[in-house]
Every structure is written in structure tokens, then in C-alpha cells.
1. Out of LYS128, LYS394, LYS193, any idea which swings most in a Gaussian network model of the chain, alpha carbons joined below 10 Å?
2. Distance in nm between label sites at ASP399 and ASN357, each 7 Å beyond Cα in the beta-carbon direction?
3. How much length would be gained if the chain were fully extended between LYS350 and ILE22, taking 0.36 nm per residue of separation minus their Cα-Cα distance, in nm to one decimal?
4. For labels at GLU140 and GLN170 in the simple 7 Å Cα→Cβ model, what's the distance in nm?
5. Can you find, among LEU146, ALA202, LEU172, the residue farthest towards the positive end of the dipole of the chain? Put +1 on the C-beta of Lys and Arg, -1 on that of Asp and Glu.
6. Mind sorting out which of (i) 22.7; (ii) 26.5; (iii) 27.8 is the real Kirkwood radius over Cα pairs in Å computed from the coordinates?
7. Starting with the highest mean, order 13-21, 286-294 by the number of other Cβ atoms within 10 Å, averaged over the residues of each peptide.
8. Report the residue, chosen from TYR419, TYR49, TYR32, that carries the largest GNM mean-square fluctuation when the chain is represented by alpha-carbon nodes joined by springs under 10 Å.
Amino acid sequence: MSGKECFEVLDKIFIPIKKQTIGKIRGYTMKYGHIVENGEIIDEVLVSYFKEPKSYTTENMCEINTHGGNIVMRKILELCLKNGAELAEPGEFTKRAFLNGRIDLLQAESVIDIINSKSEKEAKTGIKQLEGVLSSKIAEIKQEILDVMVNIEVAIDYPEYDVEDVTNNQILNMLTSIKKKLKKLEKSFDNGKLLKDGVKTAIIGKPNAGKSSLLNSILNEDRAIVTEIEGTTRDTIEEFVNISGIPLKLIDTAGIREAKDEVERIGIEKSREIAENADLVIAIFDSTNEFSSEDREILEIAKNKKTIIILNKIDLETKVDENSTELAQFSGNIIKMSALTKEGLEDLYKKIEEMFNFNEINVDNEILITNLRQKNLITKAIENVEKTEETIRKNEPLDIIAIFIKDILEDLGNITGDYVTEDIINEIFSKFCLGK
């Protein structure tokens, strides 16, 4: 519980072994005792006390450490609500920490990034943002702008005073410097997006080429239905998997062929669309059959993408190998395997690791943008820098130039939450789970 009256609520339901007034209990301490209702013991607990402003939310807080089990926990929650507490909204505690000024919006967003992280590198990036590394970089850029903006405001408001002239060259030098820093942050989103969303990987091929068997082999479970009947997969199946530290968003698609009915046609069109938007295409072929016109269509879909070709069913007698003329443009990215026996699976993993070398992403020494909202605001700030540069080239007066520079500052302030609207705040914290 967090809030001004949380200790009053606690006092109605918690009897410590050693009774003390709240004024004598120090923050960052725990007390042993019982949760009770009408004199009946509900559970034996430990209660942690945090006193304002030294708590996660900067408010008075307490945490009831109870035994596991839904019945006891639900009962204690009901007692808290019955005695004056209100159920928290999603992200309520982190939202209060932001609104009370303990953390900025970048740090608040990093909390959900840490919770949802799918790889060690993504978790490290979230921790760095929680520590304020990106916030410090944004503050540094803002200060660089403000150092020049102060002189501009003085020159506008007090032209009669002998102050240092603010020349267009000084402003342009500042704009060049901050644009370089913003561009670097914007570019980091390419790697940050891969860390956060994973490598979007489309598994495509004809019906019964082995797409679903491959998915099951990678996941080491029967996630997709595998039969000898063609066209079993009508819709996409999506799963996350971590391979050598690389998060993959695997998408098993409907087999590409001439559709037998409307439902299958929609699934096949969806397969083509997913392959077009994928970061990686794994095109799988039945090597026991010669290439067909449908196989060639699949190769056409994959030719301009990062693609790995899998010649499947090598445990049987094969008719196609890596030297086939149709595969010439994919030389070096061809894996022979059996999705059924998993022979060649490690070769596939090595190829993925080679194509997406996450070891080159240095989360210890680089700042990575993983959040689309932040990236879009940085892009907007860059656009306003360029508008300001254009205004200077047109020899507009200082007060007009100042308006565009203030737009840059507002974009940066929206990143950290200085000027952000209530609607945006509510939208951001609605993505959190309860109790965070």
C-alpha cells in the first residue's frame, strides 16, 4: 500500500508482536506479527515499512509479506480494501513515483521494459535507463540549447544592453552539435528495436515442407499441428524464443500454394505480407522433391530479404541440394536439415547468430533507444532542428528563430515527461501490470 493513510489502514488489520506507535517505527524496517479480522488470525506475516519521502513512490508505504496461496492473499487484499484502501490501477506505484518527481518518464518506461525483457541485453538496457543514463544525455542536449537560448532571450528582451552578440553562426554550431547527438540516438533504435521486439522471423514454404515441424523443433514442444494433410496451418502461429542471446519472434505461416478455399487464400496472403515485413525469412523446402513453380514463387518472395534457405527432410532420399541453380543467389545461407530428427538445427542457430551478431551491440557503453514513443520524439526534435537551420538561412529575425528552438526543447521535454499531457501519461501507465 502507498499513500498518506496507508499506515492507518495497516493498523486496523495488523497486530505486531512488539506494538509501537507509527512515529517510533523507523523506515526500511520490518515487523513480525499477524493479520487479523475480528480477533481471528488470518496469517502470520512480515510487514515492511517505508516512510515518506524515502520510498518508491516518495509516499508512506508498507508491504505485507504473506504466505503464498491465492486464498490467503485474496483475503488480506479484501481486508485492506474493506478498511479504506483502494485497488491500484495498472502502473499506479510507478506513476506516483513519476508524478511525485522521484523518477522521470524515461525511467518510468524502463520499469515495464525490464519486466517484459526477453534477453539479458534487453534487461541491461532497461536497467541503464532506470539508472538515468538516457535522461542524463537528454539533459545534456537541453543544456547545450539553453546555454545559447539565454543569450538569444537577452538580445531579444534587452537590445539596449551591451551583451555578447548571438550570431547565426553560434546558433548553427549549436544546432549541428545537438543534431549529431540526436541522430546517434535515433540510429540506436535499429538495435534497440531488435533487442525489445526480437528478430521478426517468418517461416515460409509450401504445405508439408516442414514449417510447423521446424517451429516445434526450435521450441522443443508440439506447438503447431503436424500431419501429412496439406494446408493444416491456416493462420499464423507466433512464439518468442531466445537463441544464443538473440530474441526471435518466430511466425509459422500458412503454406504458400494455389488456395483451395477462401479461408486458405486469406492465410496465404497473410503469409506473403508477414514475409515482406520480416527481419529474417526462413524459407523451407522439401528436398525430396524437385523445385516446383510454387517453390520458385517462394524464392522470389525471399530474394530481397535477409534469408536462410532450409533444405528439409535430409533423413530421406533427396532430389535437391545446395548446388541447385535456383539457389545460387542464396549461396552461403543454405542449411541442410531434418526438422523431424533435428539434424542440422545447430547449423541453423549458428547461421542466425552470424547474421544477427548481437555481441556487437554494446549495452554497457552505448545508449540504446528501445521505445517507439521516445524514438518518434527524437525524430521530431531532429526535424525541428532542420526547420531552425532553414529559418536561419532565410535570415529570419532572432525572435522567430527562438520559437523554433523552443519547439526542440519541448520535444526533448516530452521525452522525459516535462511537458507531457495527462492523456499520454495515462496511456503509458495503462501498459503496466497491477502492482508496479
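Just so it is clear, none of the values below were taken in a lab; they were calculated from the coordinates. Everything numeric here is computed off the predicted structure, so don't read it as measured data. Glycine also receives a Cβ, built like all others from the backbone with ideal geometry; neighbour counts cover every protein chain displayed.
1. LYS394
2. Using points 7 Å along Cα→Cβ, the separation is 5.6 nm.
3. Values: separation 328, 0.36 × 328 = 118.08 nm, distance 5.96 nm.
Here the segment from LYS350 to ILE22 would lengthen by 112.1 nm.
4. The modelled label-to-label distance comes out at 2.3 nm.
5. Result: LEU146.
6. Among (i) 22.7; (ii) 26.5; (iii) 27.8, the one derived from this structure is (ii).
7. Values: 13-21: 12.0, 286-294: 15.8.
Result, highest mean first: 286-294, 13-21.
8. With Cα springs under 10 Å in the chain, the top fluctuation among TYR419, TYR49, TYR32 is at TYR32.
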